[in-house]
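One structure is given below, encoded as structure tokens.
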Amino acid sequence: MDRESPAVLINALRFSYSKERAILDIPKLTIERGERVFVHGPSGCGKTTLLGIIAGILDPQGSQVLIHGSDLAKMRPRQRDVFRGSQIGYIFQMFNLIPYLNVLDNITLPCFVSPARRDRLGSTSPIKAAGEIASKLDIQHLLNKMISELSVGEQQRVAAARALLGAPALLIADEPTSALDGNHRDEFISLLNSVADESQATVLFVSHDLSLSRHFGRQISLPGLNVVNMISAEVSL
Amino acid sequence: MIIFKLAMKSMVSRRLVTTLTVLSIALSTTLLLIVERVRVGARASFVGAISQTDLIIGSRGGSLPLLLNSVFHIGSPATNMKYSTFKQIQADSKTAWAVPIVMGDSHRGYRVVGTSQDFFSHFQARRSQKLTFALGNVSDQTFTAVIGSNVAARLKYKVGGFLALSHGIGEVSFHSHEDRPFLITGILEPTGSPVDRSIYIPLAGTEAIHADWHDGAPPRREDAISAQDLAGRTFEVDEISAVFVGVKSKGDILNLQRQWSSFRDEPLTAVIPGVALDELWEGLGYGEEALRLVAVFVVLVGLTGMLVSVYNSLSERRREMAILRSLGATPSVIFGLLLAEAALLVGGGAAFGLLLTRVFLTVLQPMIVNQFGLYLTLDSFTSVELIYFSLILVSGVLLGAVPAWRAYRNSLSDGLVIRL
């Protein structure tokens with residue numbers, strides 16, 4: 001991995017689910033390491049698609065998508081899985097916690113499916129590391145509970161803890177605050193940023209709620225159908 | 001390790017379906033193993049119906065009728081052989097022991113065998129098992145009987161009770177020897193052989209009940225001799241049905257068979273029971289194969305149930321698979337996860353099946369021996385059973401590869417989480 005290259009570098013991204021129209025058409029997008037980036041836009045404008053491409057979940061369809069200098073387009077699906085597990089922490093809109101595992105097992109899961117995440121913990125065991133990160137997110141008392149016993153806010157913190165364990169270089173959060181009220185949203189984002197600061201992770205946060213942008217260093221707008229110009233305009237700022 | 005942990009926790013979270021699937025595989029495995037035990041037991045019971053008897057000699061006829069009649073008490077001999085011939089067989093220098101048997105009468109459907117007391121010391125059934133008495137013993141009195149375990153259990157007879165013989169071998173007889181009852185002096189332990197379903201009386205007894213008969217017809221009432229009078233008499237035996245022979249040296253068996261088959265004074269047939277029974281069982285092998293086939297199909301049904309269970313659960317678990325991939329699990333890990341799940345299901349089911357087999361055999365064996373005369377061994381698992389167990393495991397894991405492959409393909413083609 002190139003230590004000097006930006007966290008995300010996208011060149012000439014044109015992505016479509018069907019032949020009729022491209023949902024994303026981005027000439028260039030650069031996100032530097034350690035940046036806090038807020039991506040917003042109305043539903044259906046391609047926010048989640050953009051995150052899916054950056055996370056290597058979606059095939060970039062031949063476009064150049066470099067994450068820390070590694071080109072996702074040149075990776076096979078299996079390699080993208082391994083890369084994602086190693087480099088990217090993902091907080092899903094619906095949290096996507098595994099219901100039959102308890103909180104501790106959910107948080108430590110990435111370390112067991114990704115050896116690179118596990119290695120980054122060094123001599124600290126995944127359980128101990130999970131405990132530390134749970135303390136920071138104030139969910140240490142929930143470690144042995146099942147997911148179904150948690151409130152939405154608690155589930156959200158568990159999802160954040162899972163994404164942050166093993167210090168991934170890029171943290172992607174896809175509308176994780178959509179189920180929370182205003183006060184809790186601000187509190188959660190502050191907490192997330194402070195924990196991400198400790199690991200110097202780049203944060204890419206998606207929401208349709210523009211008021212949250214004040215927590216971030218930069219914002220990117222994805223308004224609906226007229227994606228290309230707006231993305232270009234925002235990126236060039 | 002994490003794969004097995006995940007598979008286990010996932011299965012526990014779907015505990016009802018998991019339990020039913022494991023139970024289905026367990027029952028299939030149990031059936032297969034019990035059918036195998038029944039098959040082995042049936043063969044052992046059949047081939048072991050007589051043991052350590054080197055020759056059976058009867059009047060000239062087919063070896064099969066002689067075998068069926070003397071060992072399994074099926075049918076009746078067309079002709080008898082002379083008792084004097086038996087004495088010659090017994091006196092032969094190569095003969096270790098010889099036991100005569102007389103067939104002809106019955107009691108409520110059970111065959112009555114007239115024989116000497118030597119029968120109880122020389123005749124051996126399954127696995128060279130000597131006859132032992134559960135209760136009482138054999139008596140040298142004319143009107144006494146020893147009954148097999150099955151007869152005692154079914155008819156609820158006890159030592160000290162009496163039974164009356166019927167002329168002929170049918171369950172319904174036109175003539176009953178009720179005026180000459182036999183005292184039950186002994187009940188044999190179960191052997192899993194036709195002995196269990198037989199009644200043994202002294203040779204003299206077979207003669208005594210027909211002592212006042214003329215030309216195969218019973219006497220008129222006024223000519224009949226009382227049982228008390230008969231009990232005090234001695235009887236000359238003229239004819240017997242067959243002779244069981246043990247030889248001093250096994251190397252003489254073939255010589256003796258030839259010797260008695262070509263006996264000049266009387267036309268005889270001599271068969272080596274072990275060989276003849278084996279040949280007969282081989283001839284009936286299709287029954288054995290049919291049993292096996294049924295059991296294999298039952299196992300296939302059980303494994304198909306597992307396949308359906310894992311396959312169905314896939315639809316519910318697409319999200320789970322997607323989450324795992326989003327965390328960095330490769331398609332191989334997803335494949336391994338479902339394969340591990342199949343292995344745990346089939347392994348658990350098969351192991352539980354082994355346990356159930358053991359429990360069934362332990363609990364039901366006495367009843368099966370008593371009711372069906374079939375002795376199912378309680379030995380530790382045989383190599384064939386362990387092969388079956390391994391085949392079930394391998395087949396289950398191979399079948400589990402079908403949904404695992406689908407999950408592997410799905411995770412590639414569907415991508416992740418976008419439509420979660």
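The values are calculated or read from the model by the stated rules, or taken from the named source; none is laboratory data. This one's a predicted model, so the numbers in the text were calculated from it and none came from an experiment. Positions of Cβ are generated from backbone atoms using ideal geometry, with glycine treated the same way; all protein chains shown enter the neighbour counts. Ligands, DNA and RNA are stripped out before the accessible areas are found, and what is left, the full protein with its side chains, is counted by its heavy atoms. Shrake-Rupley method; radii C 1.70, N 1.55, O 1.52, S 1.80 Å.
Just to be sure, is B:Ser51 at pLDDT 85 or above, within 22 Å of B:Ala96 (Cα to Cα), surrounded by fewer than 23 Cβ atoms within 10 Å (Cβ to Cβ) and in contact with a strand residue (DSSP E or B) (Cβ under 7 Å, 6 or more places away or on another chain)?
no
So A:Asp81 fits all but one of (1) under 27 Å from A:Gln156 (Cβ atoms); (2) at pLDDT 90 or above; (3) touching a Ser or Thr at 6+ places or on another chain (Cβ under 6 Å); what number is the exception?
Condition not satisfied by A:Asp81: (2).
Does B:Gly302 satisfy the criteria of being away from chain A (no Cβ under 14 Å), more than 30 Å from A:Ile57 (Cβ to Cβ) and touching a Gly at 6+ places or on another chain (Cβ under 9 Å)?
It is true that B:Gly302 is away from chain A (no Cβ under 14 Å), more than 30 Å from A:Ile57 (Cβ to Cβ) and touching a Gly at 6+ places or on another chain (Cβ under 9 Å).
Restricting the search to segment A:120-131, which residues are modelled with pLDDT under 90 and charged (D, E, K, R)?
The answer is A:Arg120, and nothing else.
Quick one: in segment B:86-136, of everything that is of a type in the set (Phe, Trp, Tyr) and assigned to a strand (DSSP E or B), which residue is farthest from B:Ile199 (Cα to Cα)?
B:Trp97
Could you look through segment A:174-223, keep only residues that are surrounded by 15 or more Cβ atoms within 10 Å (Cβ to Cβ) and among the acidic types (Asp, Glu), and pick out the one that is farthest from A:Phe38 (Cα to Cα)?
Per the criteria, the residue is A:Asp186.
Only residues that are touching a strand residue (DSSP E or B) at 6+ places or on another chain (Cβ under 8 Å) and at pLDDT 90 or above: list them for segment B:93-109, please.
B:Lys94, B:Thr95, B:Ala96, B:Trp97, B:Ala98, B:Val99, B:Pro100, B:Ile101, B:Val102, listed by residue number.
I'd like to check something: does segment A:109-131 contain any residue that is within 27 Å of A:Ser207 (Cα to Cα) and among the polar types (S, T, N, Q)?
no
With a cut-off of at least 3 residues that are in contact (Cβ under 8 Å) with a residue 12 or more places away in the chain and open to solvent by less than 20 Å² (accessible area, probe 1.4 Å), name the helices (runs of 4 or more DSSP H) lying wholly within segment A:68-172.
A:77-87, A:103-113, A:126-136, A:152-164
Give B:Ile199, B:Ile169 a once-over and let me know the one that is surrounded by 18 or more Cβ atoms within 10 Å (Cβ to Cβ) and modelled with pLDDT of 90 or more.
Testing whether each residue is surrounded by 18 or more Cβ atoms within 10 Å (Cβ to Cβ) and modelled with pLDDT of 90 or more leaves just B:Ile199.
Scan segment A:60-100 residue by residue and report those that are within 10 Å of chain B (Cβ to nearest Cβ) and among the small types (Gly, Ala, Ser).
Within segment A:60-100, A:Gly85, A:Ser86, A:Gly89 meet the criteria.
So that you can scan it fast, the table gives a plain yes or no per residue for (1) within 14 Å of another protein chain (Cβ to nearest Cβ); (2) at pLDDT 85 or above; (3) touching a Pro at 6+ places or on another chain (Cβ under 6 Å):
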site: B:Ala290; (1), (2), (3): no, no, no
site: B:Val298; (1), (2), (3): no, no, no
site: B:Tyr311; (1), (2), (3): no, no, yes
site: B:Glu320; (1), (2), (3): yes, no, no
site: B:Leu354; (1), (2), (3): no, yes, no
site: B:Glu385; (1), (2), (3): no, no, no
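Any residue in segment B:95-114 that is more than 26 Å from B:Leu165 (Cβ to Cβ), away from chain A (no Cβ under 14 Å) and open to solvent by 40 Å² or more (accessible area, probe 1.4 Å)?
yes
Where in segment B:1-77 are there helices (runs of 4 or more DSSP H), lying fully within it, with 3 or more residues that are among the polar types (S, T, N, Q)?
Counting at least 3 such residues, we get B:15-47, B:63-70.
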